[in-house]
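The block underneath contains the structure these notes are about, expressed in structure tokens.
The values are calculated or read from the model by the stated rules, or taken from the named source; none is laboratory data. Here the structure is a predicted model, which means the values were calculated and not measured. Cβ atoms come from the backbone with ideal geometry, glycine included; neighbour counts cover every protein chain shown. SASA here: full protein model, heavy atoms, side chains in, ligands and nucleic acids out. Shrake-Rupley method; radii C 1.70, N 1.55, O 1.52, S 1.80 Å.
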Amino acid sequence: MRIDKDTLFMRYPSAWWHDLWREGLPSGNGTIGACVYGGVKEETTMILHHDLWHGGREDELPDVSDVFRRQREMMDREEFPTASWEVVNELKRKNYNTRLESPLPAADLLMQIQPDKGFEHYIRGIHMDTGEVGCEWLDGGSARSSYLFVSRTRDMIVKRITSANDDLNIIFSLDMHINEGSHKEEKYAGHVMESKKISMTQPFLIYTAQNDDGTSYGVVARILPGNGELETTPAGIRVKKSNEILVLIKVFVKENPEHEQETVDRLKKELSSVAADYGTLLNEHEKEHGKWYNSAQLSLGYEGEYHCNEDLLASAYSGKQPVELIEKLWKYGRYLFISGTSEQSNPFPLYGLWAGDYRLTWSHNMANENMQMIYWHTYVGNLLPFQKGMYQYFSDRIPAYQNNVRKQFGMRGIYIPAGTTPGVSAPNQIVPVIMNWVGAAGWLAQHYYRYYQYTRDEQYLKDKLLPFLEEVASFYEDFVEFYPDGRIHFYPSVSPENTPQNFMPPEHIQMAHPMPTTVNSTIDLAIVREVLTSLCEIAKEQKLYDDRVDLWKKIIAAIPEYKISADGGIREWQDERFEERYAHRHLSHIYPVFPGYEVNKLHKAHLLPAFRRAVDLREIDAQTGWSMAHMSAIYARFEDGEAAMQCLNNMAKSVLTNNFFTLHNDWRKMNISLCMDPPVQLDAVMGYVNALQEMILYVSEDLVKLLPALSASIQKGSVRDFRYVNGCIDMTWDMEKRSFTAALRAVRRHKMYIQLPAGIDEYKFTCENCSIFQEGELYKLEMERNGKLWIM
């Protein structure tokens, strides 16, 4: 196995008992996912498709707008606990039971491999730069391997099994996915068990089934035996006496059952036309995969021997992550992202394309933190086109979100539930903490506007971005009310997913989210200010919205400066009837610092200490994998590299499995994070990517900070093709040697401030179509399109 800076490798097979897929080897092309787990006698390749979901239910939403008005009246009387449940209870009385879907595994490719003398020198791994995953071992002196990738150019899974001798004896079969420990297929996949059909016609294995929406889906595999022999057995297709076997796999979904056979025949024909050359197929795929994998590059100067995942995790568990692990986790998060979504596919869900059961905890798209975290890294990380899949997903569902807001609030605009899946856009998770939060669309609007800032794609702005942003604004125009003194009155208002301390039950009563429904949560006010400010900027630039700008400015002006609590931190609720509660994982009230840009060195800098204090007050054993990634990015905004890295160290100690999947929390009941049965949540590893980028490069439209939050662990390194709003940047640094160089390339004319790294004795500048001069501790830069600046 090739072992280098772009390879993750493990000495042990998947070992998460009864959930072996959790430590599998993930591969994907953004549409099809494959997860390889098991051993060298029985190996499973779990196959998924981004558009294959099941188990959901979408009821017609009753009109409860009158109940919403009643809820507000109750809140006006300060009947907050009762008001919190008012709309929820009415929906329950009307038997409204909308339920989110879960990913549906398409099938498993099963391999039964006949052993010789027993395995030795087993190793498995992921070549992140090619998307190839697999394992190698010795058996009776014969070197064997099993590798797989999901082709971006052919839209199929390509698998090869090799041996140094003509001794491969393997039975291949296709069947429905079975997770041996949970038996959830019996409860949640009865439709699959009843409808599945398996057939074998050499060299093809065919598996089909019907989803619960009546559509057909399936997998077609072609087995090429190389120099071996094929035979059909009751257990599957056997290959004997071969030294190389190739398996080509196609997947189809959402087919009319009447056309199922036509689709199977078409896929068999397509597979038959593919030249049986693994190397050629891998090379053509690698060019497409590598384009995205290498769209930005990072090196932290590690030059020693490469270590297996198990050893890297053991080192991290003792306190601090090795530099090798830090660098590889940055690459791995990007690898998972580009493998799990694309411009054309659905957004990256919390399990990616590797969800291994039929009803998993929190397997949907969650927009009160998690989905946003998944995409934060794509700006600086130069993966902007992948945002389009998310925009298409939400924009396609605007009519459904308009219906939501009419029925739930009696207003214009859109209401996006915190959780959605491809087939469920209506309100769901019928509890106050979800139903009463209205900030999802506004928070997502930040991504829409940021995309435009980076691309200045005016056609995409008009076609896709503005229709969404206009609907968000319409909702806030109707939803916002004002106190008699002109201050904003935003209610109901939720700070995900916290409850004020004075509304918490006694400690001996365990209750999730007892009373989240408040007035003027900090995050809601920050989102409103951000969305409407962004729209005012667009209105000025594009000469639009003359009839709306005055109202937007009135709402913005009605939001007062953020208040500070008695403990010295920014208040989570700006209404002082709601007391601070620090035992919580979400950091919603820090939104103006991160992920927002309202408070920074150029704007409202006097508030930074109070925001910092609010983060420091959060309790460590209330955190999760993703909250530690979020907290790390916030500390990077405070230019505290050691605190930012400590959060990432805590992540590595508590929520990483051996294949570097991230979990919601530590399953071993240690004292970092919550204690519960932990679901996989891959948003955390992408949050890790973003946090590391924040330590290296801060970007807002008018301010770029180079190396603002380096920790002792990353004092040496280099980056290439990192993005800022109006250009690209390369940097190389060795802070122990007081060495730093950077090169900026403008993609359009712009002005901004730059903060250079501290600790360098003197800087020299070389300009091409640009100018730079010092203003205090910052430098003001003006660049023409294609201008270049070299800093030494």
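Helix 683-696 and the longest principal axis of the C-alpha atoms of the chain enclose an angle of approximately 60°. The modelled label-to-label distance for the pair D550/Y582, using points 7 Å beyond Cα in the direction of Cβ, is 4.7 nm.
Taking the 1.4 Å solvent-accessible surface of segment 1-135 as the whole, the part contributed by carbon and sulfur is 46%. The order of the peptides 683-696, 374-387, 204-217 by mean Cβ neighbours within 10 Å, most packed first, is 683-696, 374-387, 204-217.
Counting only lysines at least 8 places from K331 when in the same chain, those with an alpha carbon closer than 23 Å to its own are K5, K287, K291, K320, K388, K653, K705, K716. Along the axis of the charge dipole computed for segment 247-334 (Cβ charges of +1 for Lys and Arg, -1 for Asp and Glu, origin at the Cα centre), the listed residues Y317, L298, L329 are led at the positive end by L298.
Mind checking which lysines have their C-alpha under 18 Å from K187, skipping anything on the same chain fewer than 8 residues away? Hits, sequence-local ones excluded: K196. Evaluated over the Cα positions of segment 646-792, the convex hull gives a direction-averaged projected area, one quarter of its surface, of 10.4 nm².
Applying 1/(1 + (r/R0)^6) with r as the Cβ-Cβ distance of A622 and R738 and R0 = 51 angstrom yields a FRET efficiency of 0.80.
How high is the FRET efficiency between M792 and N283 when r is their beta carbon distance and R₀ equals 41 Å, given to the nearest 0.05? Once rounded, the FRET efficiency stands at 0.60. Across all Cα atoms of segment 85-135, the radius of gyration (one decimal) and Dmax (whole number) stand at 24.3, 68 Å. Helix 260-272 and the longest principal axis of the Cα set of the chain meet at an angle near 70°.
Within the same chain, lysines fewer than 8 places from K554 are excluded, and of the rest, those with a Cα less than 18 Å from its Cα are K540. The share of accessible area on segment 609-732 that comes from carbon and sulfur is 47 percent, using a 1.4 angstrom probe. Applying the Karplus relation 6.51 cos²θ - 1.76 cosθ + 1.60 with θ = phi - 60° to segment 29-37 yields 3J(HN,Hα) values of 10, x, 10, 10, x, 9, 10, 9, 8 Hz, where x marks Gly and Pro.
On average, how much accessible surface per residue is there in the chain, in Å², for a 1.4 Å probe, leaving out ligands, DNA and RNA?
With the other protein chains kept in place, the chain gives 36 Å² per residue.
For the chain, the longest principal axis of the alpha carbon atoms and the long axis of helix 466-479 meet at an angle near 50°.
For H49, the residues whose modelled amide H falls within less than 5 Å of its own, excluding neighbours fewer than 5 places apart on the same chain, are G33, A106.
Each of H606 and D702 was given a label point 7 Å from its Cα along the Cα-to-Cβ line. The distance between the two points is 1.8 nm. Ligands, DNA and RNA left out, the 1.4 Å accessible surface of segment 154-253 is 44% carbon and sulfur atoms. Please give the FRET efficiency for E120 paired with N89, using the beta carbon to beta carbon distance and R0 = 56 Å, rounded to the nearest 0.05. Once rounded, the FRET efficiency stands at 0.35. A simple spin-label model places pseudo-atoms 7 Å from Cα toward Cβ; at E78 and E775 they are separated by 4.8 nm.
Fully extending the segment from E186 to D396, taken as 0.36 nm per residue of separation minus the present Cα-Cα distance, adds 72.2 nm. Based on Cα atoms of segment 166-235, Rg over Rh with Rh as the Kirkwood radius reads 1.06. Quick one: in the chain, what % of C-alpha pairs are over 52 Å apart? When every Cα pair of the chain is considered, 14 percent fall beyond 52 Å.
Cα centroid distance between segment 312-340 and segment 757-781, in Å? Between the Cα centres of segment 312-340 and segment 757-781 lies a distance of 34 Å.
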